[in-house]
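Beneath this line is the structure, given in structure tokens, with notes to follow.
The values are calculated or read from the model by the stated rules, or taken from the named source; none is laboratory data. Remember, it's a predicted structure, so these values are computed and weren't measured experimentally. So basically every Cβ, Gly included, is an ideal-geometry build from the backbone, and we count neighbours across all protein chains shown. Quick note on the areas: whole protein, heavy atoms, side chains included, nothing else; ligands and nucleic acids left out. Shrake-Rupley method; radii C 1.70, N 1.55, O 1.52, S 1.80 Å.
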Amino acid sequence: MYSFSERLTDVRVENGFGQKDIAEKLNITTSAYGYYEQGKNEPSIETIRTLAKLFDVSTDYLLGLIDQPKHPINFTIKDDFTLTESELQTVKQMKEQQLLSELSENPIENVEKLTKLWKFIKEL
């Protein structure tokens, strides 16, 4: 599990900034910012929010609480979208096998491929 100082260093480097760049954006000295990365000082909550916005990550990610840079967005199914019990079981199984996650990386193309493969399998 990452500490705040490790995660902060990683996201700064990944975004191509130097410590001086970030210190200027926060209106603090370079050494004050360096202390954040060394774990000697901790920033205020407002500074953590500013850093998260600057690096386009969640505060939970910066704090090492989650491993995904952004919180996943969950959707609620509307009343006009229904699944039968067996369809729901199928979706659950696909999720458990990480298939939904993989399909959702490029849903239109991947579902088309899956549909073609399923038609082929059914013909066997």
Filtering the range 40-67 down to residues that are within 14 Å of Phe4 (Cα to Cα), open to solvent by 50 Å² or more (accessible area, probe 1.4 Å) and part of a loop (DSSP other than H, G, I, E, B) yields Lys40, Asn41, Glu42, Ser44, Leu63, Leu65, Asp67
Of those in the range 20-39 that are within 25 Å of the chain's Cα centre (by Cα) and open to solvent by 60 Å² or more (accessible area, probe 1.4 Å), the residue nearest to Leu63 (Cα to Cα) is Gln38
Restricted to the range 4-19 and to residues being part of a loop (DSSP other than H, G, I, E, B) and over 17 Å from the mean Cα position of the chain (by Cα), the residue surrounded by the most Cβ atoms within 10 Å (Cβ to Cβ) is Phe17
Scanning the range 68-94 for residues that are surrounded by 11 or more Cβ atoms within 10 Å (Cβ to Cβ) and among the basic types (Lys, Arg), the one modelled with the highest pLDDT turns out to be Lys92
A careful count of residues in the range 20-39 that are part of a loop (DSSP other than H, G, I, E, B) and farther than 22 Å from Asp67 by Cβ gives 3
Across (1) in contact (Cβ under 8 Å) with a residue 40 or more places away in the chain; (2) of a type outside the set (Val, Ile, Thr); (3) in contact with a His (Cβ under 9 Å, 6 or more places away or on another chain), Asp60 clears everything bar (1)
